[in-house]
Amino acid sequence: MTRTFTRLAVATAAAAASALLLSACGSSGSSSGGSGPSSSSGSSDTASAPAAKTGTIASKLILGGPPEFKTRVDGLPGLAKNYGVTFQKFTVTDVGGPITVNALKNGQVDAADLFTTDPSIKANNFVALADPKSNFNAQNVLPLIEKSKATAGVKQVLDFISSKLTTEALLDLDTQVQLNKVDPDKAARAYLQTLNPPTTTPAKGVTITVGSANFPENETLADIYADALSAAGATVSKKLNIGSREKYIPALQSGDINLIPEYSGVLLQYFDKTSTAASSADVFAALQKALPSKLEVLTQSQAQDKDAIVVTAATAAKYGLKSIADLAKTS
């Protein structure tokens with residue numbers, strides 16, 4: 001779930017990458033609802049993908065997603081293990097970003113790994129397939145913080161935010177920022193005003209640097225944390241759009257940043273690739289044990305942003321798809 005697009009500069013780069021991807025796929029790419037094998041090269045990487053089971057619905061479809069989806073425990077291996085689902089081919093797109101969305105819209109892929117709070121799902125009438133076997137584990141939003149900065153006052157502020165944040169609120173924030181082009185910090189400040197936060201200053205005297213990954217939702221969450229702490233008396237600086245966990249986890253451990261919004265399930269997988277925890281409670285418990293000694297997670301919110309296998313309405317109707325399990329049915 002490491003999203004990899006920024007608001008403006010990276011959007012331009014993503015558009016260029018999208019053009020390259022679709023050009024590479026060419027006219028032989030998959031059409032909506034499935035097609036024969038594609039002869040494209042460069043954009044597709046099937047070396048680590050399980051062999052497709054012929055005769056199933058999935059064996060007729062091309063799946064798009066981030067490179068790590070090939071090997072992630074809940075990626076292609078998990079779909080094969082938990083549902084018996086293997087696709088005709090896996091095409092590398094981006095991490096739940098515009099390349100993936102456009103590839104699905106334009107029929108270059110038939111299914112895609114997107115995220116449940118992505119506003120493009122509703123905007124494009126996509127269908128997110130149910131995951132009854134919990135292949136994708138819980139992904140509760142929560143603060144990941146350097147222990148030395150987790151004072152009682154800082155915890156009070158961030159625990160208050162987590163107690164209020166819901167999936168519905170997260171979807172609304174994503175819609176404002178990603179579709180309506182509202183500045184993330186403006187959306188964050190407006191959201192905080194709806195919460196009626198305490199007017200005390202329990203974080204007074206604390207100096208803290210808040211970071212974010214390089215995708216809009218995480219930046220908005222970082223703005224919420226930073227603005228709430230500032231209002232509570234802390235001296236706050238921001239380092240946004242840092243990049244993936246490979247960049248910002250070392251920054252946390254070195255003290256270059258002190259706090260970042262995270263997602264419980266993928267954070268657990270980052271530190272413990274063998275974990276099989278799935279429920280919110282189990283993931284949170286396992287995560288606390290897996291973290292390095294300098295870091296801790298605070299109270300998790302109700303809000304979740306999980307991976308989902310998404311198809312177009314036309315593909316869902318053609319094959320009668322409601323669940324990931326349906327992809328294993330004989331076509």
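Laboratory data are not the source of any read-out in this text; all were calculated from the coordinates shown. If you're wondering where the values come from, they're calculated on a predicted model, not measured in any experiment. As a convention, Cβ positions derive from the backbone with ideal geometry for all residues, glycine included, and neighbour counts pool all protein chains shown.
Check Ser331: other-chain or 5+ apart residues with amide H under 5 Å from its amide H, H built from backbone geometry?
Result for Ser331 returns Thr56, Ile57.
Fewest first, what order do Lys186, Lys289 take by the number of other Cβ atoms within 10 Å? Write out the running numbers ahead of the final one.
Values: Lys186 13, Lys289 10.
Ascending number of Cβ neighbours within 10 Å: Lys289, Lys186.
Using θ = phi - 60° and the Karplus curve 6.51 cos²θ - 1.76 cosθ + 1.60, what whole-Hz ³J(HN,Hα) does each residue of the range 123-138 get, with Gly and Pro shown as x?
In residue order, the calculated couplings are 4, 9, 6, 6, 10, 8, 6, 5, 10, x, 9, 6, 4, 8, 7, 4 Hz.
Just flag the trypsin sites (Lys or Arg not before Pro) in the range 103-152 sitting in loop per DSSP whose Cβ has no more than 15 other Cβ atoms within 10 Å.
Numbers: sites: Lys105, Lys122, Lys133, Lys147, Lys149; in loops: Lys133.
Sites meeting the loop and neighbour criteria: Lys133.
Which of Val109, Val297 has the fewest other C-beta atoms within 10 Å, and how do the rest follow up to the most? Before the final figure, lay out the partial values.
Numbers: Val109 32, Val297 19.
Ascending Cβ contact count within 10 Å gives the list Val297, Val109.
As a quick test, which of the pairs Lys89/Lys186; Lys238/Lys306; Lys89/Lys122; Lys247/Lys318; Lys181/Lys329 have an alpha carbon distance above 32 angstrom in this structure? It would help to have the intermediate numbers written out before the result.
On the way: Lys89/Lys186 41 Å; Lys238/Lys306 26 Å; Lys89/Lys122 26 Å; Lys247/Lys318 42 Å; Lys181/Lys329 41 Å.
Check vs 32 Å cut-off fails for Lys89/Lys186; Lys247/Lys318; Lys181/Lys329.
Around Lys239, which amide H atoms from residues at least 5 apart in sequence, or from another chain, sit under 5 Å from its own amide H, with H modelled in the peptide plane?
Under 5 Å from the amide H of Lys239: Val210, Gly211, Ser212.
Using the 10 angstrom Cβ neighbour count as an exposure proxy, how do Thr201, Thr315 rank, fewest first?
Values: Thr201 13, Thr315 22.
Least crowded to most crowded, the residues run Thr201, Thr315.
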